[in-house]
């Protein structure tokens, strides 16, 4: 895995600005809660989310159009693990 922190090697001229905005929103913040959000009261889907110390909520979605919840994974030198699931097998 390669971590891109400047956006210069990503497609699109706006990517450096997008990467910087993302970094400003999350770097140095602390996760204070983790759970699943039900976006509408009667919606059956739940969305993995992290709540930061400034009140921001990071919602894991499957794409940038919010067509459904996504799956968060953790990658370490020993492998990859799913941190949250949105459905059971």
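No lab work stands behind these numbers, since they all come straight from the coordinates. Just so it is clear, the structure is predicted and the values come from calculations on it, not from any experiment.
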**Prompt:** If you line up the Cα atoms of segment 29-89 on their principal axes, what length do they span on each, largest first, in Å?
**Reply:** 40, 34, 21
**Complete:** Note to self, the chain gives a 222 nm [θ] from helices alone (DSSP H runs n ≥ 4, -39500 (n - 2.57) apiece, / all residues, nearest 500) of -4000 deg cm²/dmol
**Asked** Roughly how tilted is helix 15-26, in degrees to the nearest 10 and between 0 and 90, from the longest Cα axis of the chain?
**Response** 50 degrees
